[in-house]
1. Would you be able to say whether some residue in the stretch 127-148 is modelled with pLDDT under 95 and under 24 Å from C65 (Cα atoms)?
2. Looking only at the stretch 135-160, which residues are assigned to a strand (DSSP E or B) and either within 13 Å of ligand 1 (Cβ to nearest atom) or of a type outside the set (A, V, I, L, M) (or both)?
3. Against the condition of a type in the set (A, V, I, L, M), within 16 Å of ligand 1 (Cβ to nearest atom) and surrounded by fewer than 23 Cβ atoms within 10 Å (Cβ to Cβ), how does L101 come out, does it pass?
4. So is A280 under 19 Å from the mean Cα position of the chain (by Cα), open to solvent by less than 30 Å² (accessible area, probe 1.4 Å) and farther than 29 Å from K22 by Cβ or not?
5. Scan the stretch 252-277 residue by residue and report those that are surrounded by fewer than 16 Cβ atoms within 10 Å (Cβ to Cβ) and under 16 Å from V137 (Cβ atoms).
6. Read through the list (1) over 16 Å from the mean Cα position of the chain (by Cα); (2) assigned to a loop (DSSP other than H, G, I, E, B); (3) closer than 25 Å to D37 by Cα, then give the number of the only condition that Q193 fails.
7. Could you please tell me which pairs satisfy a Cβ distance under 9 Å, a separation of 6+ or placement on different chains, a first residue in the stretch 294-311 that is free of Cβ contacts under 8 Å to residues at least 40 places away in the same chain, and a second residue that is away from ligand 1 (no atom under 13 Å from the Cβ) and not in a helix (DSSP H, G or I)?
8. Consider only pairs whose beta carbons are under 6 Å apart and that are at least six residues apart or on different chains; among these, list those whose first residue lies in the stretch 232-244 and is in the same structural domain as E166 (by TED's automatic domain parsing) and whose second residue is among the acidic types (D, E).
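The values are calculated or read from the model by the stated rules, or taken from the named source; none is laboratory data. Model, not experiment: these values are computed from the prediction. Cβ coordinates were reconstructed from backbone atoms using ideal geometry, including for glycine residues, and neighbour counts include every protein chain displayed. The protein model used for the area step is the full one, side chains on, heavy atoms only, and it has no ligands, DNA or RNA in it. Shrake-Rupley method; radii C 1.70, N 1.55, O 1.52, S 1.80 Å.
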Amino acid sequence: MKDMYILGIESSCDETSASIVKNGTEEIATVISSQIDVHKNYGGVVPEIASRHHVKNITMVLEECLEKANMKMEDIDGIAITYGPGLIGSLLIGLEAAKTLSFVYNKPLIPVHHIAGHIYANSLVQPLKFPLLAVVVSGGHTELIVMKDHYQFEKIGGTLDDAIGECYDKVARVIGLEYPGGPKVDKLAKEGQDTYKLPIPLQDDSYNFSFSGLKSAVINLAHNEEQRGEEIRKADLATSFQKVAVESITSKVRKAIEEKGIKNVIVAGGVAANNGLRTAMKELTDELGVELSIPPMKYCTDNGTMIAAAGYYAYLDGRTADLNLNSKSQDVLK
Ligand code: KG4
Ligand code: ZN
């Protein structure tokens, strides 16, 4: 088969990114323009500001990506675009750019679900092996997805309330760390001791998660210490919180591996960058004798490469769209 070059565009939150990927597995070029420094001032992503920055950056990001790859639009075989889920205003900017390129250069338009992108970030490391369990952990998602083949997604469980990344960011705020707090809590957790007692959420028979109780427990604990005039031991709280958050993921992952005959576990999404989770997943999969794949740090957070990789497999599955394609802030992966 002829080599296929897919241009992937991602703009669902606060990163404007474009990448070119060959045959779903090899990154030819990538450009990411991050807005973290802008949103840091507000303690989180401000949707309207994010959209405006995407408008400002999208053309430059696309041009720079083609330049880096030393390619022209004529050399591209398809345009993969994150159609959702995400911030609607942000999604629309990427979508309009993708549609315009698709129309002008007569290239197939390939809609990609953001979470499919996070999952396929792993195919940049090694080919996916089935049956596979994808542990999707990000700022907006905490889901367990079983895949029996490419582009066949079966969600077996997910969070009933907050996403794990959201919980990390909230805990970070409580202990006075800047947005995005997840990586900072992770770093601090290495320095502390597990001294605070926090509840392990949802120890039930399902594959679901719950993080709002844990989040509230951390907030209450911090308030109580403050009222007693005592200072919270930040590193210890980070360690105690991380231990419980990670355990609540690994206990359900263990159950899924054992009950679903899983051969390969992949971890996907921003929180896949978490050191505590990476270590715990390695220990668990070693113990159960299954293969583990975690993308390198640079592919854990939002990027166009993962969208292009997923787009390649979506294209092989016949998933193209016409110019009526619309963005969706919410959508189930299927
Ligand atoms: O996948 P992502 O870039 O955006 C979404 O699609 O949500 O994930 C961002 C989330 C944020 O909540 C961020 O705090 C969290 O991932 N995160 C981490 C770490 N690195 C990023 N959480 C815990 N530990 C980390 N090392
Ligand atoms: Zn993401």
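1. no
2. Taking the stretch 135-160 as the starting set, the residues that turn out to be assigned to a strand (DSSP E or B) are 135-137, 142-147, 154-159.
Scanning the stretch 135-160 gives V135, V136, V137, T142, E143, E154, K155, G157, G158, T159.
3. No.
4. Numbers: under 19 Å from the mean Cα position of the chain (by Cα): yes; open to solvent by less than 30 Å² (accessible area, probe 1.4 Å): yes; farther than 29 Å from K22 by Cβ: yes.
Yes; evaluated as a whole, the condition is true for this residue.
5. Correct list: R254, N275.
6. Every listed condition holds for Q193 apart from (3).
7. So the pair list comes out as K298/T30.
8. Filtered contacts from the stretch 232-244: I232/E225; A235/E191; T239/D194; S240/D194; K243/D194.
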